[in-house]
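Just below is one structure, and these are the notes that go with it.
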Amino acid sequence: MDFWILYQLQELHSEILDRLMVGISFLGNAGWFWIALTILFLCIPKYRKCAAVMAVALILDLCICNLMLKPLIVRERPCWIDQSVELLVTMPTDYSFPSGHSAASFAAAVSVFFFHRREGIAALLLAALIAFSRLYLFVHFPTDVLGGILTGILCACIARKIIETAVRKKISKMRKW
């Protein structure tokens, strides 16, 4: 089923979509876009709490996806298995499950959505495009992307609890003074 979906997506290729998907996927490389957005949000008082959650979510995502799940599951990428499909991006060297691009994107986007709905919807749309681009580019299976999305959402939820607990403790300490 995974390969069937990927092969169907190969039928969509066009010069415009190819360029667009490569560019969108680039935004997810090493989470750089989401890290930059987190840093920007840290500089704006209105977005600082959101940025703290984003930072924790991205760190959790890095630990869970790259340090735990990928080395544990050791799933080959579709482009490693079927090398007849021409890649538009450099062949990835790490394992496939879960999709790190999808996980980081959803960890950050869901974090934004928790605090700023309008900006969060835009972030979620971008995260969905980044996740889709990984399928279009034949570097992840659909189940890799789904696993990444779920991991990212989980990381955002855990990060929100961590930050809210830390803020409550800080407020409690301030009241005691």
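Every condition in (1) touching a residue at least 12 places away in the same chain (Cβ under 8 Å); (2) part of a helix (DSSP H, G or I); (3) not hydroxyl-bearing (Ser, Thr, Tyr) is met by Glu76 except one, and the failing one is (2). For Thr38, the conditions (1) of a type outside the set (A, V, I, L, M, F, W, C); (2) under 14 Å from Leu137 (Cβ atoms); (3) crowded, with 19+ Cβ neighbours inside 10 Å all hold with the exception of (2). Assessment of the range 53-60 against the conditions (closer than 18 Å to Phe113 by Cβ, surrounded by 13 or more Cβ atoms within 10 Å (Cβ to Cβ), in contact (Cβ under 8 Å) with a residue 12 or more places away in the chain and touching a Gly at 6+ places or on another chain (Cβ under 9 Å)) yields at least one matching residue. Listed by first and then second residue, the pairs with beta-carbon distance under 7 Å, at least 6 apart or on different chains, first residue in the range 89-107 and more than 12 Å from Cys155 (Cβ to Cβ), second acidic (Asp, Glu) and open to solvent by less than 20 Å² (accessible area, probe 1.4 Å), are Ser96/Asp144; Phe97/Asp144; Ser99/Asp144. Whether a residue is closer than 25 Å to Arg19 by Cβ, crowded, with 23+ Cβ neighbours inside 10 Å and among the aliphatic types (A, V, I, L, M) was assessed, and Val145 passes this test. Taken over the range 131-146, the criterion of being touching a residue at least 60 places away in the same chain (Cβ under 8 Å) and either polar (S, T, N, Q) or farther than 22 Å from Gln83 by Cα (or both) is satisfied by Ser133, Thr143.
Return the residues of the range 148-177 that are open to solvent by less than 70 Å² (accessible area, probe 1.4 Å) and either modelled with pLDDT under 90 or in contact with a Gly (Cβ under 8 Å, 6 or more places away or on another chain) (or both); say none if nothing qualifies. It would help to see each step written out before you state the result.
The initial filter retains those residues of the range 148-177 that are open to solvent by less than 70 Å² (accessible area, probe 1.4 Å), namely 148-149, 151-153, 155-159, 163-167, 172.
Hits for the range 148-177 are Gly148, Val167, Ser172.
For the range 114-142, the candidate set comprises residues that are within 24 Å of Glu11 (Cβ to Cβ) and of a type in the set (A, V, I, L, M); within that set, the residue that is most open to solvent (accessible area, probe 1.4 Å) is Leu125. Among the numbered conditions (1) crowded, with 20+ Cβ neighbours inside 10 Å; (2) closer than 24 Å to Ala51 by Cα; (3) of a type outside the set (D, E, K, R); (4) touching a Gly at 6+ places or on another chain (Cβ under 7 Å), the only one that Asn66 does not meet is (1).
Of all the residues that make up the range 99-121, how many are in a helix (DSSP H, G or I) and out of contact with any Gly (no Cβ under 9 Å at 6 or more places or on another chain)? Reasoning before the result, please.
Our first condition is that a residue be in a helix (DSSP H, G or I); within the range 99-121, this holds for 100-115, 117-121.
Then keep just the ones that are out of contact with any Gly (no Cβ under 9 Å at 6 or more places or on another chain); that gives 115, 117-121.
Going through the range 99-121 one residue at a time, the tally reaches 6.
Starting from residues that are hydrophobic (A, V, I, L, M, F, W, C) and in contact with a Lys or Arg (Cβ under 9 Å, 6 or more places away or on another chain), keep the ones in the range 89-113 and report whichever is least open to solvent (accessible area, probe 1.4 Å). Step through it out loud before you land on a result.
Step one: of the range 89-113, the residues hydrophobic (A, V, I, L, M, F, W, C) are 89, 91, 97, 103-104, 106-110, 112-113.
Adding the requirement that they be in contact with a Lys or Arg (Cβ under 9 Å, 6 or more places away or on another chain) leaves 91, 97, 110.
Working: Met91: 77, Phe97: 51, Val110: 18 Å².
Once the filter is applied, the top-ranked residue is Val110.
The values are calculated or read from the model by the stated rules, or taken from the named source; none is laboratory data. Note that the structure is a prediction, hence the values are computed from the model and not measured. Cβ: placed from backbone, ideal geometry, glycine included. Neighbour counts: every protein chain shown. When the accessible area is computed, the model is the full protein with side chains, heavy atoms only, and any ligands, DNA or RNA have been set aside. Shrake-Rupley method; radii C 1.70, N 1.55, O 1.52, S 1.80 Å.
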